[in-house]
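Peer 1: Sharing a structure, written as C-alpha cells. Questions coming.
The values are calculated or read from the model by the stated rules, or taken from the named source; none is laboratory data. Just so it is clear, the model here is predicted, and its values are computed rather than measured. Here the Cβ positions follow ideal geometry from the backbone for every residue, glycine too, while neighbour counts run over all protein chains shown.
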Amino acid sequence: MSKKPSKTPTIDIGIDATKREKIAGGLSALLADSYTLYLMTHNFHWNVTGPMFNTLHLMFMGQYTEQWNALDLIAERIRALGFRAPGTYKEFVKMASIKEVDDVPKAMDMVRHLVSAQEATARTARSIFPAVEKANDQPTMDLLTQRLDVHEKTAWMLRSLLEEQ
C-alpha cells in the first residue's frame, strides 16, 4: 500500500507566496485588533451602568455581534491565502495595536475607549491596502473596504454620544 504524499499542495491563485505572506501578516494584525475590540465591546456590554445603561447595553451588543462575525471572515481570508490564522490570546496581545482596558470604566469612558479602538482597527485595516493593491488581491480589498466602512461608521456613532449639546 503506498503512502499518500504529505506535501501541502501548491497554491496558485495568481498571487505569489511572498505577497500572500505579507497580506496574511497584515490580516493577522487586523484579526488581533478585531478580536481585542470584540472582547472590549463585550466586556463593556456586560458591565455598563448608569443613566444610559439600556441604550449602551443594546448598542454594544449590536457592535460585538457584528465584530464576532467579522473575525471569521478575516481568519478565513488568511487561510485562503495559505497561512495559519492566529488564534490565541498570547498571539493577539502581541500583535494588537489596541491595549486592554483595566477595571470597569464609567459609561462615557467606555464610549471613549471604543472610539479609540474602532479608529485603531480602521488604521490597521487601511495600512494593509498598499500590499493588497500591489498584489491585485480583490477579495482582500473588498474585505478591507467592508471593515473600514463598519469601523469608521461605528466610531462616528460612538463619537456622537460624546458631543456636547
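Peer 1: Could you list, in sequence order, all residues of the range 1-34 that are under 20 Å from P86 (Cβ atoms) and modelled with pLDDT under 90?
Peer 2: Correct list: T8, I11.
Peer 1: Please work out which one of (1) closer than 23 Å to V111 by Cβ; (2) surrounded by 21 or more Cβ atoms within 10 Å (Cβ to Cβ); (3) in contact with an Asp or Glu (Cβ under 8 Å, 6 or more places away or on another chain) is the condition I23 fails and give its number.
Peer 2: I23 satisfies all of (1) closer than 23 Å to V111 by Cβ; (2) surrounded by 21 or more Cβ atoms within 10 Å (Cβ to Cβ); (3) in contact with an Asp or Glu (Cβ under 8 Å, 6 or more places away or on another chain) except (1).
Peer 1: Right, next: From the residues in the range 89-103 that are surrounded by fewer than 14 Cβ atoms within 10 Å (Cβ to Cβ) and either modelled with pLDDT of 95 or more or among the small types (G, A, S) (or both), which one is farthest from the chain's Cα centre (by Cα)?
Peer 2: So, considering only residues that are surrounded by fewer than 14 Cβ atoms within 10 Å (Cβ to Cβ) and either modelled with pLDDT of 95 or more or among the small types (G, A, S) (or both), the one farthest from the chain's Cα centre (by Cα) is K90.
Peer 1: Inspect all residues belonging to the range 103-114 and state whether any of them is of a type in the set (D, E, K, R), part of a helix (DSSP H, G or I) and over 21 Å from L58 (Cα atoms).
Peer 2: Looking for residues that are of a type in the set (D, E, K, R), part of a helix (DSSP H, G or I) and over 21 Å from L58 (Cα atoms), one finds none in the range 103-114, hence no.
Peer 1: Let me ask something additional. If V101 passes every condition in (1) without any contact (Cβ under 8 Å) to a residue 60 or more places away in the chain; (2) under 19 Å from N47 (Cα atoms); (3) of a type in the set (A, V, I, L, M) but one, which one does it miss?
Peer 2: Failed condition: (1).
Peer 1: Based on what the data block shows, is D137 loosely packed, with under 15 Cβ neighbours inside 10 Å and either among the charged types (D, E, K, R) or touching a Ser or Thr at 6+ places or on another chain (Cβ under 6 Å) (or both)?
Peer 2: So D137 fails the test.
Peer 1: Picking from V93, V111, which residue would you name as being touching a helix residue (DSSP H, G or I) at 6+ places or on another chain (Cβ under 6 Å) and among the hydrophobic types (A, V, I, L, M, F, W, C)?
Peer 2: Going through V93, V111 in turn, the sole match is V111.
Peer 1: Filter the range 24-59 down to residues that are in contact (Cβ under 8 Å) with a residue 40 or more places away in the chain and touching a His at 6+ places or on another chain (Cβ under 7 Å) and give me whichever is nearest to K134 (Cα to Cα).
Peer 2: M40
Peer 1: Within the range 125-156, count every residue that is free of Cβ contacts under 8 Å to residues at least 12 places away in the same chain and not polar (S, T, N, Q).
Peer 2: 6
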